Each structure stands twice: as C-alpha cells, then as structure tokens.
1. Looking only at residues in the stretch 184-217 that are modelled with pLDDT of 95 or more and crowded, with 20+ Cβ neighbours inside 10 Å, which one is nearest to LYS49 (Cα to Cα)?
2. Taking the stretch 579-606, which residues are closer than 27 Å to ALA449 by Cα and in contact with a His (Cβ under 7 Å, 6 or more places away or on another chain)?
3. What number of residues within the stretch 618-649 satisfy the criterion of being of a type in the set (A, V, I, L, M) and in contact with a Pro (Cβ under 9 Å, 6 or more places away or on another chain)?
4. Do the conditions hold for ASP296, that is, is it out of contact with any Lys or Arg (no Cβ under 7 Å at 6 or more places or on another chain), surrounded by fewer than 24 Cβ atoms within 10 Å (Cβ to Cβ) and farther than 27 Å from GLU129 by Cβ?
5. I'm told CYS69 meets every condition in (1) within 30 Å of TYR420 (Cβ to Cβ); (2) surrounded by fewer than 24 Cβ atoms within 10 Å (Cβ to Cβ); (3) modelled with pLDDT of 95 or more except one. Can you identify the failing condition by its number?
6. Spot the failing condition for PHE136; the list is (1) surrounded by 17 or more Cβ atoms within 10 Å (Cβ to Cβ); (2) free of Cβ contacts under 8 Å to residues at least 60 places away in the same chain; (3) farther than 29 Å from GLU47 by Cβ; (4) not small (Gly, Ala, Ser), and only one is missed.
7. Which of (1) assigned to a strand (DSSP E or B); (2) of a type outside the set (Ser, Thr, Tyr); (3) over 30 Å from MET162 (Cα atoms) does ALA537 not meet, given it meets every other one?
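The values are calculated or read from the model by the stated rules, or taken from the named source; none is laboratory data. Everything numeric in this text was worked out from a predicted model, so none of it was measured. Here the Cβ positions follow ideal geometry from the backbone for every residue, glycine too, while neighbour counts run over all protein chains shown.
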Amino acid sequence: MPIPTDTQKLQCLKPAVLTEDAKEALGMFKPGEYEIGFERINNILDESKTLFVRSCRSNLGSAGDLMTCISSAQGDLANTACGTYLHAVIQPAIVKFILQNYQENPGITDGDIWFANDAVYGGIHNPDEVVHIPIFHDGRLLGWAGAAVHTPETGAVEPGGMAVRAQSRFEEGMNFPPMRIGENHELRNDSLELMTAFGIRQPHVVLVDLKAKVVAASRIRTRILEMVEDKGPDFVKALLDKMVVTADEVARKRIRSFPDGKFRCVNFMDGVGFEEGLVRLSYLTLHKKGDKIILDFTGTGPEQPYAYNSHVTSSVGHISNFVYEYIFHDLPISSGSFGPIDFVFPRGSVLNPDNRAATSCAVEGAIGLMCGVHNCFGKMMMPLADGHIQVAASQGNIGTGWGAAGTTQWGLPFADVMAYSLNTEGQGGRVNQDGIDSFGFAWCVFGRAPNVEEVENEFPMLIPVSSHWTDSCGHGKYRGGVGTIQVCVSHGTPDIFHFAYSGNSRFQPQQPLYGGYLPPTEPGIDVRGADIMEQMAAGELDLKLDFRDLLDKRNINGQWTFRFLARDSVRFDEGDIITFAFSIGGAGYGDPLDRDPKLVVEDVRQSLISKWSAENIYHVSYDEERFKVNVSETNDLRARERESRLERSTPYDEFIEDWLKQSPPLEALDYYGSWPDAEVINPIIRL
C-alpha cells in the first residue's frame, strides 16, 4: 500500500463528514446531558493521564511529556489530556490510516493493540511513540483510546533517540508504521522482543514506557465501556461526534472575532546538526478571512541534510502548541477546533521534506514555526478589545535538549534526555504583564521540572548549581520570563556520554513584539579535569556556587571549553563538568524604556536581571542599598536615550536600500539555499 502523501495526511486531520444518521443522533441529548457527558470524558482522560505519568520509566515520561486521547469511531480526535499538545492533534492521521488500510488484513478487532512512531505515517519524530486501542461494544466500533509519550531510545546511530548526525531515516533506528502489536488485550512477545532489540541501550525503559501506554489507553477503554453500560452505545458514539462538531463551531466563532488581514514573520537558526550556518526555518504568512485561517509557509528554507526536518503532521502538531496554549486554551484539543485552519507546506522545505529525510530532531526544525505563529497571531489579535490579553511574545521555545548515556550508579544501561532544562524555559512577555519565570516547556506546558534529588538518584551525576539564569529573559516593557542554569557533574560512574541538540549559539529564532528584545544565546560549556568535587569536599571558601561567579572567576580548575551547543556523544570522566545546562527565557514585549522602574529594581533585587541591564537597557537609576528608584534621574536618563535613538536612526528608505545590499559570508549559506529567497540550489540525494 502506498505511503500517505502530505496532502492525504493533512486531510486526515480534518473532521470526517458525518452520515445523516450520525447528524440526526447529535440531537438526542436532553438538557444538560451533553455537558455532563463531556465532563465525564474529561475526567476519564485526566485519570488515564495521571496513571500514565505514574507508570512511565523514562525521564520525560515521568515529567509529563505525554498525552492520552479519545477519538470517534471514524478516527476524529474528540478530546485529549495533556501533557503535550503536539502529540494530540495528529492522531487522526494514524487512526484513519489503520481504518483505511487494515479493515480486511489483518482486520480490526476487539482487544487489538496498535502501535506507531513513524513520522512519515503521521507522527512527530520517531522517539514519540503512540498506542491506540479500538473500543468495541457487542462488535460495534464506538471509538479509539490512545496514549503517546516521548521515549528517548530508538536504536539510532547515537543514543537518546534524537540522532543529531543522522542524514536519512535509515540512520534513526526504529521507524514503525501503524502496526498491530497485541491481540486479545495482550501484548505479543515477538513485538516486545522487537522493541527490546531497538531499545537495547535501555530496554527496561523502552518496555516499561510501552506497557505504560497500553495501561493508559486500556483505562480509557474500560471507563468508556462503563459509560456505555450506564448511558448506552448510541449515547457514547453521539457524544464523541458532538464534541468534534461543537469544537469546530466554537473555533470558527472565535476566529470570526479576529480582524481580517495578512500577517508575516520570518525566523532563522544558526546551525544544522553539528554544522554552523544560516537556515531559514520558517517563513509564515497568516491569511485571516471570516471564520478561516490559512497558515502559508511558502518561502521556508529547503530541507536539511541532517535530522532538523519536520514532516507536515509534525509541523501541524507544533502549531497546536501555540494554538491551544493561547487562542484555543479553553477549547477541546480536538480535530474540530483545528477544522477552520488550513496549511500550506511547500514540498522540499524543512517543514515538508522527502520521505527519506532524517526527522528525529524534528522539534528543532519546527522551532521557527512555533516562534512565527506567536508573532503573527500577536499582531492579528492586538486590536481586539477583549481578546488581546492572550497576546504574548514568543516564549522560550528553543527546545535545547541534552542527554546522557552509559551505565548508571546502579549498574543499569541508560540513554535518556534530561527534562529539567526543557521544562523550565521562560514564557514570553505578555501584553499587560511579564512572562512567567521558568514556566515550563513550550512542547509540554503541563510537564514538570524534576527535583534535583530525583535526577541525582536516577542518573550518575551531581548537580551542585540549579537556579534562575540572570538576564536570560528578553527585556521589554514586560520582560520575558527568565530561564534556568544547572551545572552537571559526572558522579558515581567511571565515564558518561553526553550529547546535545540545538541551533541557537549565535542568535535566537524567536521574535519579540512591539519593541521588546530577544533573550541571549546559549553557549556550550564543559570543564574536563574539573576539581569542583575536591573543592566542595574541602569546603573551599572562594567557591561560590553561582553560575555568573563560576564563569567570571573560573575558580574551578580544569580545561574549560566553549563551543557550539549541539554535539555528538562525547565521553566524560568522573568529576568532569559535562555541561552547563541552560534553559532560555522568553522574548520581550514592548519598549524597555516604558517599563515601570520599580519593576526593574525589583528584578535586580531578585537577581532576575543584572545591574548592567538596569542601567544600560532600562536606563533606571536607583539606590543600590535600599533598592529605591531615583525618579528624577531615571526620567532624565530615559529622555536622553530617546534623543540618542533619534540621532542614531536612519530613515526607513535609506535603511532598506542599505540592508538589501548586505549578505552573510558565503560559508554561512551552505544550508540556506539561494540568497535571499532560500530556494533550493542543490537538491539533497538520499540513496
């Protein structure tokens, strides 16, 4: 059977057309019955998600980087418990593939357990694995129960699932299309052995996470069948259909309230895989008319030779991270609420690559897209009288991930991605207040940052520093939330392997709003032969466990290395600082000169921003002992800065004329395509 095309996968994300009988059944509910049934479904999903988190073994799974869902009989997503939004809205592509292709052979029967993780068939990237269980009653299919989680081991060419140096799908390990791995409500032993073979770096984690998915989906099935016994199968089937239809209606009403227009944003990255170079990650044009939105990514840069590519369902999933966090935050995570939104992803771009492309680091390729929707929706929604409070600058959605592999202090093999730096990024500045400090993970806003003690118990490392990262925010009238910094030391094992993926060591792909500033970049730092453990044991007085102090004074002896953040698996010895793990802050909103000086001084007092930033970015004068604003002097400083801006400024036409003549050096354009249009020059050939 043919692999689904990008057009077919995008069509699967749209709600199916109901039969006349199904439409008629939508009117069966008595007053209040639909609302009670809807809440009952929500409770079922919340219970299954709680069970799922408690059953997972992986670091990200136990942190909540997962979701559970229920779909209608025809495969439309009715609602989800998150976790991660991006895992949710793409599930219809997988369920509908099963319905369209496997009815006869091998058949779809009560007790089946279906599995998939291949992005070509509708997933995100292959570490994101999903289980679906059909819900039958007396031989009639009523719906589907699903559960997905990021399981960070796939048997790829390097540990941790997200193979940065993979140049095709054939180097990424386990890529399974939708397939039946269990019958009669039981996982097959041959399927378990297959998963073990691909997850051999940490088979216990891979298998436990697989079983956790089955447990979570099975709990949904059990509760739905209890609901069937109470209300009848027709009620449950109509309830799921009505949830999809209602979400579509409300989403269209919400979109109609936005002003019509066209809004644009372009976003870049400074590296691909382990190579530095300019990449146009996203060129978004948002078209809004009536109750429809078209997100057109024509102009996005060409697909990349490494794993920073995103298939169309993955790209849509990443858009849902913003949509459900902000504009549809009170709607079901459903096929219906995404019904009024259409997408254009040009083939051969980083957001719609060849089927043979490597995509295990798709989350990096889709970062620009996530930043772009923040910016375009923010511009579109700003004029609204009552909805503009949802406007925010881009949050810290950089997704700089790092992981470790080897043998734990307990003698177990492991290869996992660390959740703390991901789940403590800063939120973007908002229209009427600052972004939340270390608010979470743009991919998983309901996830949690694990306690240091949990990490030290689970993995062979010590974390002597874990704190907010001063000045990691984008400054503005309302600054972005700050991120965090951890110092991670190899401990309890003779060696450990560290790897990282990112592309923002020189500049950020985020875009601030209305005069705000970008957050800083993230350097890659490690210290080999470090004596931090010896100094801590000796109680050295000059060892202040503060990131800025450590960086400025270099009072930890050893070989300090500053590098591009992304790196292949590298071995470290006992006591080495394997990484300074950063999470980035959110972008700023509004001109920093408009910020309330009292807020600036309070940020300095709490070490969220530095004294230098208060003086040179916000131009605030204050008493450093009492943290009191010198109002008159501050007003003078800001007036002089506004005058200086005018003196430094250039008329727009002159600026554009000069700007269009500029170009990065040729060596920075190896992965960009033509300058400045980012069109394909040399197509990638994969055998």
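1. The qualifying residue nearest to LYS49 (Cα to Cα) is ALA216.
2. Matches in the stretch 579-606: THR579, GLY588.
3. Residues meeting the conditions: 3.
4. Criteria met by ASP296.
5. Exception for CYS69: condition (2).
6. The one condition PHE136 does not meet is (3).
7. Only one criterion is unmet by ALA537, namely (1).
Residue by residue, here is whether (1) farther than 27 Å from GLY271 by Cα; (2) buried (at least 24 other Cβ atoms within 10 Å of the Cβ); (3) at pLDDT below 95; (4) of a type in the set (Gly, Ala, Ser) holds:
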site	(1), (2), (3), (4)
ASN397	no, yes, yes, no
ALA405	no, no, yes, yes
ASN457	yes, no, yes, no
ARG479	no, yes, no, no
